[in-house]
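Trainee: Encoded as structure tokens, here's the structure I'll be asking about.
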Amino acid sequence: MRELNRALLERQLLLSRRKLPVPRAIERVCVLQAQFPQSPYIALWSRLEGFRKEQLTKGLEQRRVVKSQLFRITLHISSARDYPYFAAAWLPAAREMTPGVAAAMLEQLSREVTAAATKGPITHEQLEAIASERMRGFRWRARTLAPLVHLPPSGTWSFYGRPQLLAMKRWLDVELPSREDGAERVVRSYLAAFGPATQNDLLRFAGVRVGDLRAGVERVKPRTFRDERGRVLLDLARAPRPSGDEPAPVRFLPKWDSSLLAYAPPERERILPERFRSTVIRKNGDVLPTVLVDGFVAATWNVDRKRGLEIAPLRRLTRAERAEIDDEGERLVEFVRS
């Protein structure tokens with residue numbers, strides 16, 4: 001378990017902060033969850049040396065990274081290089097899983113949405129107006145019909161408004177790769193960021209079916225291991241797998257950090273102890289911001305405008321652990337308020 005934990009922390013840039021450009025850092029960790037505006041910024045602050053908010057904001061404005069509806073029909077920020085491949089694998093799979101709507105109808109709706117979002121920006125309300133009636137009331141699944149990106153300021157630190165959406169081709173000037181090329185990129189990126197992991201973990205993270213990524217698995221030809229429970233784990237042959245004794249510093253993770261969501265239960269125990277899962281991952285799908293101590297979730301946190309940093313321990317913390325949390329927490333508060 002500790003070896004799996006350290007492998008995850010190393011690949012998620014959580015064992016030591018790195019000096020990397022923002023797009024490259026996001027590629028290293030696969031994607032960043034982006035339901036909450038500040039989450040991608042805090043995720044990068046915890047992973048990169050000297051990270052400043054304007055670095056991610058400029059990345060969005062300069063089209064080097066994009067915010068979009070992606071895996072599991074949730075909001076993510078990905079690099080502009082990865083997004084077309086991720087969309088090529090995920091979008092058709094998500095469309096095909098729309099209940100009770102014929103494939104021909106979904107293809108027609110996809111063409112209509114793409115045409116509308118190529119002419120100019122559209123809103124989610126306009127997107128749903130095009131498709132919801134013919135999708136038998138599954139309005140939210142209209143977001144799977146075409147590769148659409150959020151235009152800045154959506155994705156930036158303080159944005160809580162209604163986003164404007166534009167077709168990927170119009171914003172990035174690229175076409176969708178083949179579905180097979182997309183599947184390969186998803187498999188390779190996921191294992192590089194979260195492996196070793198089971199096939200079920202991979203499918204759960206992407207929100208797709210076995211057949212949707214089969215071509216990718218066949219192309220990648222992953223190395224296999226078995227965990228302590230005897231389950232088969234897939235991984236890239238040359239991916240780092242540190243010793244379980246590798247020191248792990250205190251790290252603050254934002255709401256919905258992908259490190260907590262990249263696995264199907266009970267595999268989340270490699271970072272989130274099972275006894276804390278119901279506290280951290282709420283029934284409504286909310287995922288609290290957490291503190292890693294020795295690589296595992298040990299507390300939740302919040303920065304209050306008046307009271308400052310608030311820590312809610314999930315287990316008994318030693319005096320040394322609390323001192324390290326407080327030191328790192330002071331730096332977090334300074335970043336949040338900058």
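The values are calculated or read from the model by the stated rules, or taken from the named source; none is laboratory data. Note that the structure is predicted; figures quoted are calculated from it, not measured. Cβ sites come from the backbone with ideal geometry, for glycine too, and all protein chains shown count toward neighbours. Surface accessibility is based on the protein's heavy atoms, side chains included, excluding ligands, DNA and RNA. Shrake-Rupley method; radii C 1.70, N 1.55, O 1.52, S 1.80 Å.
Trainee: If you roll a 1.4 Å probe over the chain with all protein chains in place, what percent of the accessible area is carbon or sulfur?
Mentor: Carbon and sulfur together cover 49 percent of it.
Trainee: Mean separation of Cα pairs under 8 Å and 6+ residues apart, divided by the residue count of segment 206-334: what relative contact order is that in percent?
Mentor: After rounding, I find 18 percent.
Trainee: Roughly speaking, what % of Cα-Cα pairs in segment 42-115 are separated by over 19 Å, rounded to a whole number?
Mentor: 50
Trainee: Taking a cut-off of 19 Å between Cα atoms, list the lysines near LYS19, but don't count ones fewer than 8 places away on the same chain.
Mentor: Cross-link targets: LYS53, LYS58.
Trainee: Then there's this: Relative contact order for segment 264-324: what percent, with Cα pairs under 8 Å and sequence separation of 6 or more?
Mentor: 21
Trainee: If each residue of separation counts as 0.36 nm, what is the full-extension length gain between ARG139 and SER158 once their alpha-carbon separation is subtracted?
Mentor: Stretched out fully, the ARG139 to SER158 stretch lengthens by 4.2 nm.
Trainee: Can you give me the P(r) profile for the chain? Cα pairs, bins 10 angstrom wide beginning at 0, each as a whole percent.
Mentor: 5, 25, 34, 24, 10, 1, 0
Trainee: Just want to confirm a number: the relative contact order over segment 157-228, from Cα pairs under 8 angstrom separated by 6+ residues, in percent. Walk me through the numbers on the way to the answer.
Mentor: Numbers: 35 pairs, mean separation 26.2, N = 72.
36 percent.
Trainee: Accessible area per residue for segment 132-174 in Å², computed with a 1.4 Å probe and the full protein assembly in place, what is it?
Mentor: 53
Trainee: Something else now. Within the P(r) computed for segment 181-338, what percentage of the Cα pairs occupies the region above 28 Å?
Mentor: Value for segment 181-338: 31 percent of Cα pairs lie more than 28 Å apart.
Trainee: Could you pull out which residues in segment 16-33 have an amide N less than 17 Å from a spot 7 Å beyond the Cα of SER338, following the Cα-Cβ vector?
Mentor: 17-23, by backbone N distance to the label point.
Trainee: I would also like to ask the following. Taking the Cα centre of each part, how many Å lie between segment 41-62 and segment 116-187?
Mentor: So the two Cα centres are separated by 23 Å.
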